[in-house]
Amino acid sequence: MQLDGKRIIVTGGAQGIGAAIVRAYVEAGATVSCMDLQEEQGRARTAEASAAGPGTATFYKLNVTDRSEVDARFAEASADMGGLDVMVNVAGVQSFVDVANVDETSYRRLFDINVLGTMNTNGSAFSIMKASGGNIINFGSRSGLTSELDNAVYGATKGAVHTWTRSVAQEWGPSGVRVNAVLPYVVTPMYEKFREAMSPDDLAKHDEEVRSSIPLGGKFGDPARDLAPVMVFLASDATRYITGQMFPVDGGLISVR
Ligand SMILES: NC(=O)c1ccc[n+]([C@@H]2O[C@H](COP(=O)([O-])OP(=O)(O)OC[C@H]3O[C@@H](n4cnc5c(N)ncnc54)[C@H](O)[C@@H]3O)[C@@H](O)[C@H]2O)c1
């Protein structure tokens, strides 16, 4: 088993990418703590993953925007698992915002969950991992590298995640804590909502852009088939000499330098 003996926290594990990662980590033999705001769905997905085995998964309710809550849940989960080797912060939100009239509610929600949530979970994991080393994986986005219509606020949050990841990787490397980020392009409830929020014209343009700009298949990937195996690799010791990197898993849409 590639992740046998690994103790892993995954935030945002109730659906989409996070749920696929929890399943894949349990399948690879890990002990997983799945955390999310959505309690009922989180418990159901975690129980299914754990029943399939051979590893195990336990659910904890968590809001990543509250540092004291993050510290308490991470300490509880680490004690339950007997330590913490890997922390994957998947929790995130996207919404379109009129860039000429950015409203404070949208701004706060996007920055609190995507940016402060990354800083809270990373800081809390680092304080547990710094004694014996560890592995942190964040979620960035193509939106943080380039322009997308009405998506500049979300893009700015993901640009912040990229800079944060590169920066703390340098700072925490000497303590043996690695920090990398994944930039995915896969079909999830977030992507379905992203599509629903577009006008028919914008949706047609989006579909055409996806068809012509993703060299591998011309469409978004599948979280379980296309992303989860990469996440297993990134959580494993095979990546012990990699830190501060952005990993696009998007069929070749972007190339990060
Ligand atoms: N789907 C894509 O193609 C894509 C593209 C680029 C980046 N991303 C990023 O990948 C990550 C996962 O995306 P997804 O598509 O699976 O999204 P999703 O909306 O399907 O799932 C996100 C999960 O995060 C949880 N969450 C939201 N706010 C939270 C909070 N405050 N505390 C704890 N949990 C919270 C939600 O309850 C949900 O279960 C996000 O960070 C997203 O920005 C996704």
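The values are calculated or read from the model by the stated rules, or taken from the named source; none is laboratory data. This one's a predicted model, so the numbers in the text were calculated from it and none came from an experiment. Here the Cβ is made from the backbone with ideal geometry for all residues, glycine too, and neighbour counts use every protein chain on show. Ligands, DNA and RNA are excluded from the accessible area calculation, which covers all protein heavy atoms including side chains. Shrake-Rupley method; radii C 1.70, N 1.55, O 1.52, S 1.80 Å.
Roughly to the nearest percent, how much of the accessible area of the chain is carbon and sulfur, given a 1.4 Å probe?
Values: 5930 of 11670 Å².
For the chain, the apolar C and S fraction of the accessible surface comes to 51 percent.
Would you please put 138-144, 211-217, 11-17, 92-98 in order of how densely packed they are, using the mean number of other Cβ atoms within 10 angstrom per residue and starting with the highest? Intermediate values should be presented prior to the final figure.
Numbers: 138-144: 23.0, 211-217: 11.9, 11-17: 26.3, 92-98: 17.7.
Highest-to-lowest ranking by the protection proxy: 11-17, 138-144, 92-98, 211-217.
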Over the chain: Rg over Rh, Cα atoms, Kirkwood Rh: 0.95
Pair E48, S147: separation of 7 Å Cα→Cβ label points (nm): 4.1
J(HN,Hα) series, region 118-134, from Karplus relation 6.51 cos²θ - 1.76 cosθ + 1.60, nearest Hz, glycine and proline x: 5, 5, 5, 5, 5, x, 5, 4, 4, 5, 7, 7, 4, 6, 10, x, x
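Using a ≥ b ≥ c from the Cα gyration tensor of region 13-89 (square roots of the eigenvalues), is it rounded, prolate or oblate, where a/c under 1.5 gives rounded and otherwise the larger of a/b and b/c decides, a/b for prolate?
Because a/c hits 1.5 or more and a/b fails to exceed b/c, region 13-89 counts as oblate.
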Angle in degrees between helix 39-52 and the longest Cα principal axis of the chain, rounded to the nearest 10: 60
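Evaluate E = 1/(1 + (r/R0)^6) for D207 and R166, where r is the Cβ-Cβ distance and R0 equals 35 Å; express this FRET efficiency to the nearest 0.05.
On the way: r = 33 Å, r/R0 = 0.93.
With R0 = 35 Å, the Cβ-Cβ based efficiency is 0.60.
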Within-14-Å neighbourhood charge of G123 [Cβ basis; K, R +1; D, E -1]: -1
Entries in K193/K219; K6/K61; K6/K158 that, when Cα-Cα distance is taken, lie over 24 Å: K6/K158
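Quick one: work out Rg over Rh on the C-alpha atoms of region 158-257, Rh as Kirkwood radius.
Working: Rg = 15.9 Å, Rh = 15.3 Å.
My calculation of the ratio gives 1.04.
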Degrees between helix 67-81 axis and first principal axis of the chain (Cα, 0 to 90, nearest 10): 50
